[in-house]
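The values are calculated or read from the model by the stated rules, or taken from the named source; none is laboratory data. Keep in mind the model is a prediction, meaning the values are calculated, not measured. Here the Cβ is made from the backbone with ideal geometry for all residues, glycine too, and neighbour counts use every protein chain on show.
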Amino acid sequence: MAHIIVFGNEKGGSGKSTTAMHLMSALARSGHQVGALDLDLRQQSFFRYIDNRESYCTINDVDLPMPKRFSLRLSQEDSQKAAQAEEEGRFAEALDTLEAECSFILIDCPGAHTRYAQMAHSVADTLITPMNDSLIDFDLLARLDPATGKVLGPSIYSEMVWSARQLRSQAGLKPVDWVVLRNRMATLNAHNKRKVGAALQELSDRIGFRLVPGFSERVIFRELFLNGLTLLDLKDLGKDKLTLSNIAARQEVRDLIRALDLPDVQISF
């Protein structure tokens, strides 16, 4: 069966699509065929990234690793029950189609709670939750006491992940590996950074996710999106004269792949 990796965060702008594309590139470079689903049916940031990549390859006559895509759409059924059944059928078809060819399937979820997102979380072997390293974004995972900074309890999103875990357990499936990425961390050991770190560690112990350093705020990531490229593509394109910042960014990608500890994935970039 394909290993399903879900990128979930109900806040926008956390770096889900950037992380998904870099992981796709790394998996492809390990010899895997990768499938892709974009469940943000309005924004389609993940698929727009892939569109940009296809255009770049066509214009510049180059060949870069590409995922297999499957597009979903919302049901137009009037009955909520009928709509749910139709969307569940489409989602199952998407997984079956991609699994026939792919050893990994990447699913990018929207910054909102939807039926498709809920289904994706229930089938995830690995759940990656990128979050901006700030107290503003921390409430995605938990409620904090504003006076003490102590964790009061899990958020609605964390409870949804917990429910998805229960469904997997009832189905006799292996527990999901939940990874929280701390993106855009400040380079200085600021008070806010320490406070977020302490709260995340406490919550990690309580509800069971792993903390992994993510990507820093770098201009290169925004520039790469326009051409659908990743840091791992630059050497293939003869653009291996990287700045110190770009080298550091590529090391962040290596560290992420290593920390995810995915099956049959070699770091060769």
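Does Asp61 fit the bill of being surrounded by fewer than 20 Cβ atoms within 10 Å (Cβ to Cβ), free of Cβ contacts under 8 Å to residues at least 12 places away in the same chain and more than 15 Å from the chain's Cα centre (by Cα)?
Details: surrounded by fewer than 20 Cβ atoms within 10 Å (Cβ to Cβ): yes; free of Cβ contacts under 8 Å to residues at least 12 places away in the same chain: yes; more than 15 Å from the chain's Cα centre (by Cα): yes.
For Asp61, the condition - surrounded by fewer than 20 Cβ atoms within 10 Å (Cβ to Cβ), free of Cβ contacts under 8 Å to residues at least 12 places away in the same chain and more than 15 Å from the chain's Cα centre (by Cα) - is met.
Which of (1) buried (at least 16 other Cβ atoms within 10 Å of the Cβ); (2) part of a loop (DSSP other than H, G, I, E, B); (3) polar (S, T, N, Q) does Thr148 not meet, given it meets every other one?
Among (1) buried (at least 16 other Cβ atoms within 10 Å of the Cβ); (2) part of a loop (DSSP other than H, G, I, E, B); (3) polar (S, T, N, Q), Thr148 violates only (1).
Counting just the residues of the stretch 98-116 that are assigned to a helix (DSSP H, G or I) and at pLDDT 95 or above, which one comes out nearest to Gly12 (Cα to Cα)? I'd like the intermediate steps shown before the answer.
First pass over the stretch 98-116, keeping only residues assigned to a helix (DSSP H, G or I): 98-99, 115-116.
Filter once more, keeping what is at pLDDT 95 or above: 98-99, 116.
Details: Leu98: 26, Glu99: 28, Tyr116: 17 Å.
Here the answer is Tyr116.
With the condition being of a type outside the set (Lys, Arg) and under 17 Å from Leu23 (Cβ atoms), I'd like the helices (runs of 4 or more DSSP H) fully within the stretch 161-269 carrying at least 3 qualifying residues. Explain how you work it out, then say what you get.
Details: elements: 191-207, 219-227, 244-260.
Output list reads 219-227, 244-260.
Pairs only if they're at least six apart or on different chains, beta carbon under 8 angstrom, first in the stretch 71-84 and assigned to a helix (DSSP H, G or I), second surrounded by 10 or more Cβ atoms within 10 Å (Cβ to Cβ); list them, first residue then second.
Ala82/Ser75; Ala83/Leu74; Ala83/Ser75; Ala83/Glu77; Gln84/Ser75; Gln84/Arg115
So, in the stretch 28-63, how many residues would count as being assigned to a loop (DSSP other than H, G, I, E, B) and closer than 18 Å to Ser103 by Cβ?
Initially, the stretch 28-63 is screened for residues assigned to a loop (DSSP other than H, G, I, E, B), giving 29-33, 39-44, 61-63.
With the extra rule that they be closer than 18 Å to Ser103 by Cβ, the set shrinks to 29-33.
Going through the stretch 28-63 one residue at a time, the tally reaches 5.
Could you check how many residues of the stretch 184-194 are surrounded by 12 or more Cβ atoms within 10 Å (Cβ to Cβ) and either among the basic types (Lys, Arg) or modelled with pLDDT of 85 or more (or both)?
Adding up the residues that qualify gives 2.
Tally time: how many residues in the stretch 3-14 are in contact with a Phe, Trp or Tyr (Cβ under 6 Å, 6 or more places away or on another chain) and either closer than 25 Å to Leu140 by Cα or part of a loop (DSSP other than H, G, I, E, B) (or both)? Show your work before the answer.
First, pick out the residues of the stretch 3-14 that are in contact with a Phe, Trp or Tyr (Cβ under 6 Å, 6 or more places away or on another chain): 3, 10.
Those still in the list that are either closer than 25 Å to Leu140 by Cα or part of a loop (DSSP other than H, G, I, E, B) (or both) too: 10.
Looking only at that region, the number is 1.
Hey, could you check the stretch 209-240 for residues that are of a type in the set (Lys, Arg) and under 17 Å from Asn183 (Cα atoms) and say which is surrounded by the most Cβ atoms within 10 Å (Cβ to Cβ)? Spell out how you get there, then give the answer.
Pass one, the stretch 209-240, residues of a type in the set (Lys, Arg): 210, 218, 222, 235, 239.
Subset that is under 17 Å from Asn183 (Cα atoms): 210, 218, 222.
Values: Arg210: 13, Arg218: 17, Arg222: 10.
So, considering only residues that are of a type in the set (Lys, Arg) and under 17 Å from Asn183 (Cα atoms), the one surrounded by the most Cβ atoms within 10 Å (Cβ to Cβ) is Arg218.
Give me the pairs: first residue in the stretch 16-36 and under 15 Å from Ile107 (Cβ atoms), second residue among the hydroxyl-bearing types (Ser, Thr, Tyr) and part of a loop (DSSP other than H, G, I, E, B), beta-carbon distance under 6 Å, and six or more apart or on different chains, which are they?
Met21/Thr230
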